[in-house]
């Protein structure tokens with residue numbers, strides 16, 4: 001197992017940069033002359049990159065023995081989360097749409 | 001008979017589970033916790049607009065304090081990883097210093113979050129006001145509860161480092177505590193973006 005200081009510092013600085021970038025877009029959504037929907041998409045993509053940064057640089061589970069078990073349960077959890085969150089939003093929005101008269 | 005049970009419970013005879021098995025078990029727990037958070041996120045996103053004539057996200061959220069909370073939590077994640085590095089290098093004093101710093105940052109985070117909650121309640125925006133606020137307090141409150149547990153665990157681990165030798169199974173325990181703390185940071189990223197960011201924009 002390798003435990004490097006440099007990767008922690010890289011992770012810390014990139015996480016701060018990503019947070020400040022997302023914050024800047026939240027308070028000035030019109031700065032890059034994009035509409036609100038695009039601004040929302042951009043900060044969500046920034047959050048996904050940020051979560052990858054945390055997974056790679058801070059959550060050390062990938063270096064342990066049994067890498068395949070750990071990543072296997074992680075991927076299946078992400079699939080369950082996708083099913084719960086995406087389909088809840090989808091179903092409720094369609095319910096809402098179909099009930100408006 | 002009595003002698004046999006004495007042997008079974010004495011320290012030498014206890015067969016430790018391999019550390020990797022414990023880490024895997026803890027990882028499975030964290031993943032189920034992630035599913036709980038996912039359900040609460042789905043709930044919040046669905047109920048976000050149902051303010052029942054009460055204050056909206058835009059009226060309530062104080063973004064600078066949320067940014068402060070986020071930066072504090074990211075920094076605490078960094079100091080926690082430095083503490084873990086010190087543990088791996090057998091530097092007890094540095095490990096305690098870094099974990100103590102992490103503890104202080106976590107306590108500062110919790111303080112800001114609770115004063116934000118108190119502020120909302122004083123404005124009449126408690127969890128009873130609307131479906132939006134119920135789902136908001138449930139999601140962010142569950143995260144805050146996890147932070148509280150993480151802080152308690154960190155205190156226990158600081159005593160553990162101070163009083164016990166840093167053998168393999170101790171390191172594995174401290175590693176699991178650090179994993180928990182990074183996991184809370186991971187969840188907060190999505191609270192920052194989905195609850196505060198998208199809640200403010202849309």
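How many angstrom separate the Cα center of the stretch B:124-146 from the Cα center of the stretch B:105-122? Cα centroid to Cα centroid, the span is 13 Å. Each of the peptides B:176-186, A:13-23 was scored by the mean count of other Cβ atoms within 10 Å over its residues; in descending order, highest first, they stand as B:176-186, A:13-23. Across q = 0.11, 0.17, 0.20 Å⁻¹, chain A modelled as identical point scatterers on its alpha-carbon atoms has Debye log10 I(q)/I(0) values of -0.55, -0.99, -1.09, in the order of the q list.
Model label sites at residue B:155 and residue A:55, defined 7 Å from Cα along the beta-carbon direction, differ in position by 3.4 nm. Averaged over the residues of peptide B:148-156, the number of Cβ atoms from other protein chains lying within 10 Å of each residue's Cβ is 0. Against the longest principal axis of chain B, how steep is helix B:168-190, in degrees 0 to 90 to the nearest 10, with axes from Cα atoms? Between helix and principal axis, roughly 10 degrees.
So the label point goes 7 Å from the Cα of residue B:108 along Cα→C-beta, right? Which residues of the stretch B:51-79 then have their backbone N under 15 Å from it? So the set is B:65-79. Taking each residue as 0.36 nm, the span from residue B:35 to residue B:92 lengthens on full extension beyond its C-alpha to C-alpha distance by 17.0 nm.
Within 10 Å of the Cβ of each residue in B:184-197, the mean number of Cβ atoms contributed by other protein chains is 5. I want to check the label-to-label distance for residue B:163 and residue A:6. Put each point 7 Å from Cα in the C-beta direction and report it in nm to one decimal. With each label point 7 Å from Cα toward Cβ, the separation is 4.0 nm. Between the beta carbons of residue A:41 and residue B:20, assuming R0 = 51 Å, the FRET efficiency works out to 0.85 to the nearest 0.05. The angle separating the long axis of helix B:63-88 from the principal Cα axis of greatest extent in chain B is about 10 degrees. Less than 20 Å from a label point 7 Å out along the Cα-to-Cβ axis of residue A:16: which backbone N atoms in the stretch B:49-76 qualify, by residue? Once the point is set 7 Å along Cα→Cβ of residue A:16, B:64-76 turn out to lie under 20 Å by backbone N, inside the stretch B:49-76. A Förster radius of 41 Å combined with the Cβ-Cβ distance from residue A:78 to residue B:121 puts the calculated FRET efficiency at roughly 0.70.
Between residue B:28 and residue B:170, the contour length at 0.36 nm per residue exceeds the alpha carbon distance by 49.1 nm. With a Förster radius of 30 Å applied to the beta-carbon distance between residue B:65 and residue A:97, the computed FRET efficiency rounds to 0.25. Any idea what angle helix A:5-27 forms with the longest principal axis of chain A, computed on alpha-carbon atoms, 0 to 90 degrees, nearest 10? With rounding to tens, the tilt is 10 degrees.
Rule-based calculations on the coordinates, nothing more; no lab input. This one's a predicted model, so the numbers in the text were calculated from it and none came from an experiment. Cβ: placed from backbone, ideal geometry, glycine included. Neighbour counts: every protein chain shown.
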